[in-house]
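Beneath this line is the structure, given in structure tokens, with notes to follow.
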Amino acid sequence: MHDLREALLANLWFPMSDVSDPPNLRRGWTTGTCATAATRAAYQALLTGEFPDPVAVLLPGGTRPAFSLAMQESGDGFARAGIVKDAGDDPDVTHGALIIATVRLGAPGRGIQFRAGDGVGTVTRPGLPLPPGEPAINPVPREMMRTAIAEVAAACGGAGDVVVEISVPGGARIAERTLNGRLGIVGGISILGTSGIVVPYSCAAWIHSIYRGIDVARAMGLQHVAGSTGNTSEQAVQKLHGLHEVALIDMGDFVGGMLKYLRRNPVARISIAGGMGKMTKLGQGMLDLHSKRGEVDRDWLAQLASAADGTAELADSIRAANTAKDAFEIADRAGIRLGGRVVEAAWITAAHVLRDCDIELETVIFDRDGQLLAQTPFRRVC
């Protein structure tokens, strides 16, 4: 395995920092940007009686896009506006959601108070950017709304003391398709965004959820987390170790992103669990396991089989296999436990990312039914 280790360390693939915007894909807007636009329109209507339509807002990067209102309403002491979220060509679960801001005047000197309306979650666990009890409106969207309110107050003679309630009809149902429940955000979605812009297939929201999942696990004092490539491996590794649900990190294809964050924010133990194909890619040295980043290398698997005393005929059969699963089964029929070699190679890849950390690491492969195929022991990476 020494030669394998040297080869892997010379060829580790760190593609995430080099990813540029995919061509010909339309950008969209975050829920935070939509909430800010709705808030600005509602506050201006509260002060002047007129809704600006379209309404422009300042993004963190300095640009000022404008948005058409999807709804507007005013009454005794309040104004309400709504923006339909357009996520562009990104497969965002909140695409098409109506983001509504209801603005009321607040007590003098109280500044801006944020409230979670229907469909917006409330934080219940520590470790997130907001303390328990706060509405799940993240810091950057809050700052964007503060800027918008200050601009309107300056232009229209307001004091800027307001209560802002953000709601998303159907948000509770949308949240079921996110990791909010596991993170301890109950009642609806989070209002998110750091740049205000959704870059198609940037997967920024997924990476964000990985980071926040680790933060919550650490804040709850959990010393063992498990990153999994999918639901089957997640359920299997939870059963294998009896883990709390908060310890389960849905890393998907982003094992590199998870490990780099854990290197800066360590826990005592890490399990990396996945199926045959994804874990083979990790063993090859890949840290982004998406099919667009690379394929299972059957030549590599054939070399592993040969190193385990497999025949030349076996190696040829593995090279001709359709999938990693087929390759594993071909090797098994020949008495070669390919999974053991793959998890060791995967451990080397992951350990290199965590180098110099006092962390115990294991890698695990499960089949499609959640049955354990191969597992390394926990070993320190430093």
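The values are calculated or read from the model by the stated rules, or taken from the named source; none is laboratory data. This is a predicted model, so every value here is computed, not measured. Backbone-built Cβ (ideal geometry, glycine too); neighbour counts: all protein chains shown. Note: accessible area is taken over every heavy atom of the protein model, side chains too, but ligands, DNA and RNA are not part of it. Shrake-Rupley method; radii C 1.70, N 1.55, O 1.52, S 1.80 Å.
Here are the numbers:
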item: Å² per residue, accessible surface of the range 218-345 at 1.4 Å; result: 41
item: Amide proton proximity set for Ile99, modelled H, under 5 Å, gap of 5+; result: Ile83, Val84, Lys85
item: Distant-in-sequence amide H partners of Ile249 (H built 1.01 Å from N, under 5 Å); result: Ala226, Gly227, Ser228
item: Highest-MSF residue in the chain out of Val198, Val93, Val140 [GNM, Cα springs under 10 Å]; result: Val93
item: Partners for Lys260 among lysines (Cα-Cα distance below 27 Å; same-chain residues under 8 apart left out); result: Lys239, Lys278, Lys281, Lys292
item: Cα lying deepest toward the dipole's positive end in the chain, options Gly294, Ala155, Cys34, charges on Cβ; result: Ala155
item: Rounded to 5, the percent of DSSP beta bridges in the chain classed as antiparallel; result: 55
item: Projected label distance in nm at Arg173 and Lys325, using a 7 Å step from Cα toward the beta-carbon; result: 3.3
item: Mean-position separation - Cα centroids, the range 303-329 and the range 223-241, in angstrom; result: 28
item: DSSP loop GluC sites (Glu not before Pro) with at most 15 other Cβ within 10 Å: longest gap in the chain; result: 51-175
item: Under 11 Å from the Arg264 label point (7 Å along Cα→beta-carbon), backbone N, the range 227-249; result: none
item: In the range 175-273, chymotrypsin sites (Phe, Trp or Tyr not before Pro) in a DSSP loop with at most 16 other beta-carbon atoms within 10 Å; result: Tyr201
item: Note, ³J(HN,Hα) from phi for the range 39-52, Karplus 6.51, -1.76, 1.60, rounded to Hz, x at Gly and Pro; result: 5, 4, 4, 5, 5, 5, 5, 5, 7, 10, x, 10, 8, x
item: Proximal charge balance of Arg80 [Cβ under 15 Å; K/R count +1, D/E count -1]; result: -3
item: Of (1) 29; (2) 17; (3) 20, the label for percent of Cα pairs over 39 Å apart derived from the coordinates; result: (1)
item: Within a Gaussian network of the chain (alpha carbon springs, distance under 10 Å), most fluctuating of Val255, Val152, Val237; result: Val152
item: FRET efficiency for Gln223 and Asp356, using Cβ-Cβ distance with R0 set to 30 Å, rounded to 0.05; result: 0.95
item: Separation of the Cys382 and Glu295 label points, Cα + 7 Å toward Cβ, nm; result: 4.2
item: Span from the the range 347-382 Cα centroid across to the the range 37-68 one, whole angstrom; result: 50
item: Whole-percent carbon and sulfur share, accessible surface of the range 186-251, 1.4 Å; result: 54
item: Residues listed by number, the range 129-155, amide nitrogen under 19 Å from Arg64 label point at 7 Å toward C-beta; result: 143-155
item: Value of [θ]222 nm, deg cm²/dmol, for the chain, DSSP H segments ≥ 4, -39500 (n - 2.57) each, nearest 500; result: -11500 deg cm²/dmol
item: Computed accessible area, Cys382, all protein chains, 1.4 angstrom probe, square angstrom; result: 100
item: Highest-MSF residue in the chain out of Ile197, Ile83, Ile272 [GNM, Cα springs under 10 Å]; result: Ile197
